[in-house]
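What follows is a set of notes on a single structure, which appears directly below.
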Amino acid sequence: MKKLYIAFLLTALIGFLGCSQRSNEPIETTINIEIDENSKLIFEGKPVTFKEFSLIAANRINELTDKGIERSEIIVLLSAAKDVKMGLIVDLQYELRELKVRKINYSNN
């Protein structure tokens, strides 16, 4: 009877530990950056200045890496209006390179 009781407790403990683990839901690994026709930056749906960009991007990247995502898995979705000067895009690329984010998908809006 004692062995049965111990086996039951072990089974319950293993079941409890299995349920308390983190869920297997996918974690979003993309960061959305838009540049509108007036060369305004929009980071994850919120307007930001270029000076704010580095700090906000670093914070978002740190949030993702704290969740266990490698920097090599982070993808930046950069969308720019047709008339945006290439210099602004190059500046953003440089900032992202400094943050060790290398995967960037480009599109125009």
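What follows is calculated from the coordinates using simple rules that are stated; it is not laboratory data. Just so you know, these numbers come straight off a predicted model, no measurement behind them.
For the stretch 27-108, give me the percentage of DSSP beta bridges that are antiparallel, rounded to the nearest 5 percent.
35
Quick one: what are the phi-derived ³J(HN,Hα) couplings along the stretch 39-47, Karplus 6.51/-1.76/1.60 with θ = phi - 60°, whole Hz, x for glycine and proline?
Coupling constants for the stretch 39-47: 6, 8, 7, 10, 9, 6, x, 10, x Hz.
How long are the three semi-axes of the equivalent ellipsoid of the stretch 27-108, in whole Å, if each is the root of 5 times an eigenvalue of the C-alpha gyration tensor, listed from largest down?
So the equivalent ellipsoid measures 21, 12, 11 Å along its semi-axes.
Return the long-range amide H neighbours of Lys103 (sequence gap of 5 or more, or a different chain), with a cut-off of under 5 Å between placed amide H atoms.
HN-HN under 5 Å from Lys103: Val76.
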